[in-house]
1. Examine segment B:52-60 for a residue that is out of contact with any strand residue (DSSP E or B) (no Cβ under 8 Å at 6 or more places or on another chain), within 17 Å of residue B:174 (Cα to Cα) and surrounded by fewer than 22 Cβ atoms within 10 Å (Cβ to Cβ), and state whether such a residue exists.
2. Kindly indicate whether any position in segment A:132-150 is out of contact with any helix residue (DSSP H, G or I) (no Cβ under 8 Å at 6 or more places or on another chain), crowded, with 22+ Cβ neighbours inside 10 Å, under 17 Å from residue A:44 (Cα atoms) and at pLDDT 95 or above.
3. When the residues of segment B:85-107 are filtered to those that are crowded, with 17+ Cβ neighbours inside 10 Å and in a loop (DSSP other than H, G, I, E, B), which remaining residue is farthest from the other protein chains (Cβ to nearest Cβ)?
4. I'm trying to understand the selection: among the residues of segment B:63-84, which are within 14 Å of chain A (Cβ to nearest Cβ), buried (at least 22 other Cβ atoms within 10 Å of the Cβ) and assigned to a strand (DSSP E or B)?
5. Is there a residue being within 14 Å of chain B (Cβ to nearest Cβ) and outside any helix (DSSP H, G or I) anywhere in segment A:99-108?
6. When you go through (1) over 12 Å from the mean Cα position of the chain (by Cα); (2) more than 29 Å from residue A:361 (Cβ to Cβ); (3) modelled with pLDDT of 90 or more one by one for residue B:90, which number turns out not to apply?
7. Go through A:47, A:42 for me and flag whichever is more than 11 Å from chain B (Cβ to nearest Cβ) and at pLDDT 65 or above.
8. What is the number of the single condition among (1) part of a helix (DSSP H, G or I); (2) farther than 22 Å from residue A:180 by Cβ that residue A:81 does not meet?
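The values are calculated or read from the model by the stated rules, or taken from the named source; none is laboratory data. The structure displayed is predicted, hence computed values, not measured ones. Note: ideal-geometry Cβ built from the backbone for every residue, glycine included; neighbour counts use all protein chains shown.
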């Protein structure tokens, strides 16, 4: 039994502790309610390795046997995923070129084991399988993977860098379960994906092949997400602007407040050449300026943000001074700004040109949207904040 | 009455011993000219410092931006091991309140002796606290006879642990005391008196 004085002392301590706890909880509750984040997503692209011309700092001779076989930059891509998960991203949009591909995922020369193993079809499926294995842990720990087709998935280089129906089919065979498993989405993200549109919308842009699960869209709350295939069969280097316009219009009419569009190729090529040198040749949708302008007009009309890859480099720009193009194509593939090149060493180009990079976007309750780009250098230094932008609501 | 006077005297002894609290490290407030580095559940930053004597670390402040109010990060004190953070001496969570200086106080961490140590900023909850802009200048101590700028290191969550990297700069403030032998004796004496007072109270 406690001495009375001790009991009084204990009561005072208890009362003071309770008061302190209440104040702490109140302060924390007030602080937490300032403008909470309602949804966080990340985006990156281009993790595939190159068997012929790997990055200068990671020559093929030093690539691991694993990466030589499955053609991934495992070290960079795994680290990016670690950080994205630490940032509590509920969604990860991967903007294409997750595999080397670039062949024809069609019939094999013969049914012999040797020919099957040597076939492009086998290479596609093998590389897809490795990439899916790399992202599987993210799906099990709170981050839903949303894939975006890139030119290495849908085009064949030997066939003139043209998209192929066989490759579009291989895309659906290897990524289709993610586009979109609404039950799994709800379990991972915690909220429903609604107004899911993954069907064949090719007719909007007079496309010849089935575009189901290649260009698609869905809502999460008042945010609308659209994925565009920038290399559809018969119309390479174009985005389905007509479908996108209709899709964003529908989303807006049902109350969407935020519009995020993901594609592989940039609408505006980022020139990483140093000042005074010839600019980087057009490598994205700007190969066809007319269709590109149609696409960008849609982006501007809906104050959307366009996330892309293809160029293995980081850049954020506002081509027309309003909507952002966020280029996060340095997910592990050989940098476009080559080691030792003037663009990388002159000091005239941003020191982020050779940074593995991604962007994380937070939508706040107030409607404010924060875009933060992160990256680490080609020597795998500390993770830096490369650029931040806030979208006005 | 006598017990109250006794307790007050003991408290006075402790207060006198703690009265020499001072700034041990102060990098200055970052100017925001550079976005900075990420601190989250996998990305850690650390800075080495040289304590010329057995410091007592009372408060630590880190200049952070971009976190969510209510998030936590940790400050950790390590022994130096071949130029990198070694054995952990102490660690405590700090609540992120707002952009700017986020501080923790009343630590009372006693360094075992003079030598090289590391202070790490580490995410304890999986939330991002990005953006540690470059301070005005570099790691410059305003007190404590430090060997600064100190070395810096980072961890990216891989098996390699902390790695040195000279490029890291971030805002850091450390307050505490450089106890002299007399102060240490006074503190020990004060603590002893508190213990005696407490024991007498329990016996009654």
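1. Yes - at least one qualifying residue is present in segment B:52-60.
2. For segment A:132-150, residues out of contact with any helix residue (DSSP H, G or I) (no Cβ under 8 Å at 6 or more places or on another chain), crowded, with 22+ Cβ neighbours inside 10 Å, under 17 Å from residue A:44 (Cα atoms) and at pLDDT 95 or above: present.
3. B:107
4. The answer is B:63, B:64, B:73.
5. no
6. (1)
7. Working: A:42 fails: more than 11 Å from chain B (Cβ to nearest Cβ).
When all the criteria are applied, what remains is A:47.
8. (2) is the only condition that residue A:81 fails.
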